[in-house]
Amino acid sequence: MPIEIEDKFDVPAEFAVPDLSDVRGCAEVAEPLSHRLVAQYFDTSDLRLAARGITLRRRRGGDDDGWHLKLPKAKGARQEITLPLTRSAKVVPPELADLVLAYTRGARLAPVAQLETRRGVTRLLGDGGDLLVEIADDRVKGTVFGEEPTVHRWREVEAELKDGDEDMLRRVGKRLRKAGASPSGSASKLARLLGDIPARQVAEPATGSAGAVVAGYLRKQVDALTAQDPRVRRAEEDAVHQARVASRRLRSALKAFKSLVTGTDDLQQELKWLGEVLGEARDLEVIRERFAGRLDGLDPSLVVGPVRRRLGDDLLAREHDAYGRIRQALSGDRYFALLDGLDRLVADPPLTPLAGKDAAKTLEKIADKGWKRVADTYDAARRMDDAEQREIAMHDVRKAAKRARYTAEAVGLPEAAKRAATVQEVLGRHQDGVVAQEVLAQEAEAARQAGEDTFTYGVLVGLERADAERAHEEFPGVWATLA
């Protein structure tokens, strides 16, 4: 999934690509190339992909025949996934259709437009012949399908970064603008062709109000969750973690800001479900990497039997199974209903009269309540005589600290967020050690049943117990400093 970095320009019919041989960093301008490209674009009937800046096409011609899916990532950079051409020109490959399910939600994908492009290519090469920047001069004929197809023609230029740096891309862009090009008013050819794409509905509470801050934060987390969806389906690094964090932040915000946004109990419950779906694979990933680090740190003489297989390959197999359950859940009606609910929340959050009040005063009070909840939960835990019950209560302290951290981050109080994060980190080390001991006990029992040596499991349990106890002993001092 490469990242595409390019600048687009509108140009008049008489535009000529200027001489770029003296652009700093360019050693040579290669012989020009020309292509004829025909691309068919797929979307739902109500253009759900286009509304989110996503393009899905089947293209013939040039040096990149095939299916292309472009997902928005950040300003000026897009993720692109490609597949070879398939026999059918009207059916989207399932691998790509699955990656946009968070947006289509099961709606049928069909051809909505076609672009025929005559492309002239100018390539800027480096000293070693590496392709640094590619300039595409496109004369475009676009057809919008429908009961009565409509045709549009225009010309545009794209400068795409290949193996150069972004400073060089800027220098090329400056030269093109000097020759008469102007920054494109459309994000893509398809957007230009389709024109008025149904805009995503978002709430816009009064500027400076508490509701405006909360609505903006909720929208940011919904966008983060949906942006991670295709990455989760591809099991990309850190994707499940980021999606899980977004779902937790959303749920935490809806709890913390219940005096500002009402009627979200069902959404909170569904976000909890999604977090649990994502959590299984994430927890296995974390514990597997934790054990790998532990084993690498041991003297080889202490690693006895097939312990690396059990704590590595076996856990990885369980992780893969968990990913299968994630993909199944993310393709189901329950998940689609949750996304629909989040869209409604972003479009029209059920704000209370308090949401219209000044943001600074209102939100700071809510953040203060979040920290007070941490303190009260810890005071209750310290009063407990039963060790097991106190252990459970300390886990509740950690959860309260996480919620307080998310709340402080949402309202722009970095010091308060840092304070809560410190509590979360120390108690998290204790909790991680406890969980690791439980997993080790299960794996040791499986090894014992198989007649394997369990010595190394005992060594690892000792290390985890020591770390957990150390964090437990540190906490009162850390709390005294924070309080």
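The values are calculated or read from the model by the stated rules, or taken from the named source; none is laboratory data. Given the structure is predicted, the values throughout are model-derived calculations rather than measurements. No Cβ is skipped: glycine too gets one built from the backbone with ideal geometry, and neighbour counts run over all protein chains shown. Protein only, heavy atoms only, side chains kept; ligands, DNA and RNA dropped before computing areas. Shrake-Rupley method; radii C 1.70, N 1.55, O 1.52, S 1.80 Å.
Look through the stretch 168-203, keep the residues that are assigned to a loop (DSSP other than H, G, I, E, B) and of a type in the set (A, V, I, L, M), and return whichever of them is nearest to Arg119 (Cα to Cα).
By that ranking, first place goes to Ala181.
Take the conditions (1) among the β-branched types (Val, Ile, Thr); (2) surrounded by 16 or more Cβ atoms within 10 Å (Cβ to Cβ); (3) under 26 Å from Ala355 (Cβ atoms); Thr262 misses just one of them, which is (2). Scanning the stretch 249-259 for residues that are crowded, with 22+ Cβ neighbours inside 10 Å and assigned to a loop (DSSP other than H, G, I, E, B) gives a single hit, Phe257. Report yes if some residue within the stretch 245-255 is farther than 26 Å from Asp321 by Cβ, touching a residue at least 24 places away in the same chain (Cβ under 8 Å) and among the polar types (S, T, N, Q); otherwise report no. Yes; the residues of the stretch 245-255 include at least one that is farther than 26 Å from Asp321 by Cβ, touching a residue at least 24 places away in the same chain (Cβ under 8 Å) and among the polar types (S, T, N, Q). Within the stretch 215-241, how many residues turn out to be under 11 Å from the mean Cα position of the chain (by Cα), part of a loop (DSSP other than H, G, I, E, B) and either aliphatic (A, V, I, L, M) or buried (at least 17 other Cβ atoms within 10 Å of the Cβ) (or both)? Of the residues in the stretch 215-241, 0 are under 11 Å from the mean Cα position of the chain (by Cα), part of a loop (DSSP other than H, G, I, E, B) and either aliphatic (A, V, I, L, M) or buried (at least 17 other Cβ atoms within 10 Å of the Cβ) (or both).
Only one of Ala51, Ala27, Ala39, Ala13 is hydrophobic (A, V, I, L, M, F, W, C), open to solvent by 60 Å² or more (accessible area, probe 1.4 Å) and in contact (Cβ under 8 Å) with a residue 12 or more places away in the chain; which? When all the criteria are applied, what remains is Ala13.
Flag: Ala317 does not match the condition of being out of contact with any Leu (no Cβ under 8 Å at 6 or more places or on another chain), in a helix (DSSP H, G or I) and touching a residue at least 40 places away in the same chain (Cβ under 8 Å). When residues in the stretch 5-62 are screened for being more than 26 Å from Asp130 (Cα to Cα), of a type in the set (A, V, I, L, M) and under 35 Å from the mean Cα position of the chain (by Cα), 9 of them pass.
In the set Ala292, Ala281, Ala246, which member is of a type in the set (A, V, I, L, M), assigned to a helix (DSSP H, G or I) and touching a Phe, Trp or Tyr at 6+ places or on another chain (Cβ under 9 Å)? Steps first, answer last, please.
Details: Ala292 fails: touching a Phe, Trp or Tyr at 6+ places or on another chain (Cβ under 9 Å); Ala246 fails: touching a Phe, Trp or Tyr at 6+ places or on another chain (Cβ under 9 Å).
One residue alone meets the criteria, Ala281.
Screening the candidates Val277, Val346, Val307 for the property of being more than 24 Å from Tyr217 (Cβ to Cβ), open to solvent by less than 70 Å² (accessible area, probe 1.4 Å), among the β-branched types (Val, Ile, Thr) and touching a residue at least 12 places away in the same chain (Cβ under 8 Å) yields one hit, Val307.
When the residues of the stretch 280-304 are filtered to those that are aliphatic (A, V, I, L, M) and open to solvent by less than 30 Å² (accessible area, probe 1.4 Å), which remaining residue is nearest to Ala253 (Cα to Cα)? Once the filter is applied, the top-ranked residue is Ala281.
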